[in-house]
Protein chains: 2
Amino acid sequence: MPTRNRAQFINSLSGFKSANLIATQDKQGHTNVAIFSSVVHLGASPALVAFIMRPDTGQRHTLDNILETQVYTINQISETFYKQAHQTSARYPIDDSEFDMTGLHCGYLDQVPYVKESSLKYVVKLKEILPITLNNTQMVIGEITDVLCEESAITEDGYIDIEALQTVSVSGLDSYHSSQRLSRLNYAKPNIPSHEIEPSK
Amino acid sequence: MPTRNRAQFINSLSGFKSANLIATQDKQGHTNVAIFSSVVHLGASPALVAFIMRPDTGQRHTLDNILETQVYTINQISETFYKQAHQTSARYPIDDSEFDMTGLHCGYLDQVPYVKESSLKYVVKLKEILPITLNNTQMVIGEITDVLCEESAITEDGYIDIEALQTVSVSGLDSYHSSQRLSRLNYAKPNIPSHEIEPSK
C-alpha cells in the first residue's frame, strides 16, 4: 500500500478517536495550537490524561512549548469549529501562531492559553514523558488541574454530556463525526443483563 | 466528589473514546473477552496499537492471557451488540468465559480467538508493556499482523468507513454513541482553508 493509504487504513483500525486541540506557549508568550486525535484517559485519581507525540510532524512545537512551560490546555473540538481545528495541522512556520492563521481565538486561564471556541477545556500540568522506542514516539502524561465547562452539560452523577456540547470524533486521518446517543448503560454485574439507565438530567 | 462521580467526570474529559473488545485465551484455550475504551493508534509503520491496563479491574485476565500467549485480537464494537460488549465488564469468575456469559460468539484465526459479531477486527502480537508508574497502570503495545474487515467498507484511499460498519464510540464510563459524518477534510496546508473532499466511494 502507498504510505498515505496505509496511514489511512491503520488509523481507521483503532475506532473513533477523540478530537482535541492542545494549546501551548513558549516562555516569550508565543502561542501554538495543534490538533491531536490521540488524547486518552489514563485514570481519575489522580486525574491523568495522555497523548502521543509523533517526531515527524509540525506538532513538535507543542512539545517544545510544554517542555519550556510545563503546562498546557486540552480543548474539545466541536462541530462549530472543526474545520479551523483541522487547519491547525498545516505546517505553519514557527513564528506564525495557529490562532492567527486559523481564526481561532485565544483566551488565558492563569496565563495558560486555551481555545475560546471550545465548550470543554482544561489545564494540564506535565507529569512525565514516556519514550516509546518501538516507533520513536512519546507519550506525554499530564495531570488535570482546572476544568472549564458549561455547567449545564454536567449531570448529577458527574458525567459530562459531551454530545450536548457538540463534541466531534475523528476516524482515519481526516473524517469528522457528530454523535447520537444510543444509551447509557448500567454498571455491569454478572447475571444482570446490561440495560439502559435513565439519564440523570 | 464521590469516587464514581469523579470517575464519570474525568472519563468525560478526553472526548469520545474508541469502543473495542479484546479477545484472548490462556495456554489451555480458555477464552476471555473484555471491553476497553482506551485503544489508541500509535503509528502506521510499523502498525502499532496500544491500550491501557488498569490494575484494579476484572480486565486483569486479559493481561494474564496476553502474557501467556503473546497474541490477542481487537474487535470494534458496533450498534448491534454494544450491550453484550458492555456486559463483558461484569466481574465474572475466571472459569467463566465472557463469550458464554454474554452470548457473543467466538471465532478463531490461526488459533487466536476473535468476536464473530464484529465487522472489523485484527490480530495483534504483543511487542512491549510500558509501566506507567504515576498511577500503576500499564500501556500494552502490540503490532497488527492480520486484519479482518468487510471489503465494502475499505475506500480507495485506504480509509475504512467505520461509520458504515456501525462502529460505536463511548463517552464517560457508560454512554454509547453512533456517529454521523460531518465530512472528510483535505490534507491541511498553510494558506488553503480546510475544505471537504469527495468520499472515494
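Descriptive notes on the structure:
- Restricted to the range A:27-97, the set of strands (runs of 3 or more DSSP E) holding at least 3 residues that are among the aliphatic types (A, V, I, L, M) comprises A:31-36, A:40-44, A:47-53.
- Filtered residues of the range A:131-177 (kept if more than 8 Å from chain B (Cβ to nearest Cβ), among the small types (Gly, Ala, Ser) and without any contact (Cβ under 8 Å) to a residue 24 or more places away in the chain): A:Ser152, A:Ala164
- First in the range B:2-29 and within 14 Å of B:Ser175 (Cβ to Cβ) and at pLDDT 95 or above, second anywhere and part of a helix (DSSP H, G or I) and of a type in the set (A, V, I, L, M), Cβ under 8 Å, 6 or more apart: B:Ala19/B:Ala85
- Single match in A:Ser97, A:Ser119 (criterion: more than 8 Å from chain B (Cβ to nearest Cβ), hydroxyl-bearing (Ser, Thr, Tyr) and closer than 17 Å to B:Ser14 by Cβ): A:Ser119
- The residue that is nearest to the chain's Cα centre (by Cα), counting only those in the range B:50-80 that are surrounded by fewer than 24 Cβ atoms within 10 Å (Cβ to Cβ) and facing chain A (nearest Cβ under 9 Å), is B:Ile52.
- When A:Ser78 is tested against (1) touching an Asp or Glu at 6+ places or on another chain (Cβ under 9 Å); (2) more than 23 Å from B:Ser194 (Cα to Cα); (3) hydroxyl-bearing (Ser, Thr, Tyr), only condition (2) is not met.
- Tabulated pairs, the range B:184-198, first within 26 Å of B:Ile162 (Cβ to Cβ) and facing chain A (nearest Cβ under 7 Å), second in a loop (DSSP other than H, G, I, E, B) and among the polar types (S, T, N, Q), C-beta under 6 angstrom, 6+ apart or interchain: B:Leu185/B:Ser194; B:Ala188/A:Ser89; B:Ala188/B:Ser194
- Cβ-Cβ distances below 6 Å connect the following pairs, each with a first residue in the range A:79-108 that is over 24 Å from A:Glu163 (Cα atoms), a second residue that is surrounded by fewer than 16 Cβ atoms within 10 Å (Cβ to Cβ) and among the basic types (Lys, Arg), and a separation of six or more residues or different chains: A:Ala90/B:Lys189.
- Scope the range B:98-115; condition crowded, with 16+ Cβ neighbours inside 10 Å and in a helix (DSSP H, G or I); matching residues: B:Glu98, B:Phe99, B:Met101, B:Thr102
- Matching entry among A:Ser194, A:Ser171 (being polar (S, T, N, Q), closer than 24 Å to B:Asp100 by Cα and in contact with a helix residue (DSSP H, G or I) (Cβ under 8 Å, 6 or more places away or on another chain)): A:Ser194
The values are calculated or read from the model by the stated rules, or taken from the named source; none is laboratory data. None of the values given here were measured: they were computed from a predicted structure. All Cβ positions, glycine included, derive from the backbone under ideal geometry; neighbour counts span all protein chains shown.
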